[in-house]
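Single-structure report; data block below.
Every number in this text was worked out from the coordinates using simple rules, so none of it is lab data. Since the model is a prediction, treat every value here as computed from it, not as a measurement. A quick note on method: Cβ atoms are made from the backbone with ideal geometry, for glycine too, and the neighbour counts reach across all protein chains shown.
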Amino acid sequence: MISRKIILPVVLIALTAVSCVTGKRYNSLNDRNLMLLSERDSLKAENVWLSMSNRELTTKTMQLTEETGRLTEEYEKAQADLTLSRDEVSRLTTRYDDLQRAQQELVAGKAQETQRLLAELRQAQTDLKQREDLMRDLEMNLDTKKATLEELTYELERRNARLAELEKMLDAQQKAVKALKDKVSDALFGFENNGLTVTMKNGQVYVSMDDKLLFKTGSYEIDANGRTALRKLGALLEKNTDVTISIEGHTDDVPYRAAPGQQILDNWDLSVKRATTVVRVLTQDTHINPKRLVASGRSEYMPVDANKTPDARQKNRRTEIILTPDLTGLYKILESY
């Protein structure tokens, strides 16, 4: 620390030199003086801090001296307490040996118990893994069955919707067939139950004409009464363009005997010629598209009554006109199943 004896001469010298230096030199000395003053103040503060630290160290030294004395007393007391007689040391040694043997026996027993527990633990781990694998398989199967169930549910719902659509179409088809039957019955009013019947079967309308209404025995020429009925039916079918027309000729089981000059060979030939004759009458004076017509002969092989009686044979000699409404929409639904 710089004393006043040093500072004052410096200041006097500085003041004396002021008058003989230039302004620039004066400013430099003044800065130097300020720096020295700042250093002095710093040294004073450091002196104060060192004084405080000295007092703290003195206090701690006294505390440590007291603590050292106390610990010395405790150490001496502990030394006295640790002094044991030979009998006590022997007793403790024996007790220690007993305890050590007991510990060894216990360890040996524990080793066996430990082996048993380890075996049980390994078995438990194996069972757990098996159960986990089983659970995983069950979960996978459950997911698969769930997905399958969802697919089946969707397919069932889709099929139910299509069945509902099919039922709706079948109902509409049934109504259409019923309406067609009613129209046919109205058109042939007066002929029903007089050798002609109109029935519904398998979604179709059957117009069945007995042999006595249309043809003479063994002939395929239609008489006037039958021709009138067919023309009325043809006029109706001309208006109902969505109806397919099938004409089937049927005979009894009596073998056909051709008369001299006739070109009919047998019942097959007769049934076919009768069917084609009906086709010609239906299309006469009408604009029925020939593509709607199918003519076929069934001969004697589809009887309505298989008995060999005259009455049964009379029933079997018939011509059936089968009317089928357009079932295109229904077929499309059935094909999609």
Given 0.36 nm per residue, what is the gain on full extension from residue 92 to residue 128 after removing their alpha carbon distance, in nm?
-> 8.0 nm
Using the count of nearby Cβ atoms within 10 Å as a rough guide to exposure, how do 319, 228, 126 rank from fewest to most?
-> 126, 228, 319
The simple spin-label model distance between residue 100 and residue 179, using points 7 Å out along Cα→Cβ, in nm, is 11.6
For segment 178-335, report the translational diffusion coefficient in µm²/s to the nearest whole number, using Stokes-Einstein at 4 °C, 1.567 mPa s, and a Kirkwood Rh over Cα pairs.
-> 80
Along the charge dipole of segment 178-335, Cβ charges K/R +1 and D/E -1, which of 219, 327, 234 sits furthest on the positive end?
-> 234
Sequence order, segment 68-73: Karplus ³J(HN,Hα) from phi using 6.51 cos²θ - 1.76 cosθ + 1.60, θ = phi - 60°, Hz rounded, Gly and Pro as x, gives 5, x, 5, 5, 5, 5
Could you line up 304, 198, 278, 294 from fewest to most neighbouring Cβ atoms inside 10 Å?
-> 304, 294, 198, 278
Run down the lysines and flag those whose C-alpha is under 24 Å from the C-alpha of residue 232, throwing out any fewer than 8 positions away in its chain.
-> 175, 178, 181, 183, 201, 212, 216, 273, 291, 315
When 217, 241 are ranked with the fewest other C-beta atoms within 10 Å first, the list becomes 217, 241
If the chain between residue 139 and residue 172 were fully extended at 0.36 nm per residue, the gain over the current Cα-Cα distance would be 7.1 nm
What are the aspartates and glutamates whose alpha-carbon lies under 20 Å from the alpha-carbon of residue 168, with same-chain residues fewer than 8 places away excluded?
-> 155, 157, 242, 326, 335
How far apart, in nm, are the 7 Å Cα→Cβ label points at residue 29 and residue 227?
-> 16.6
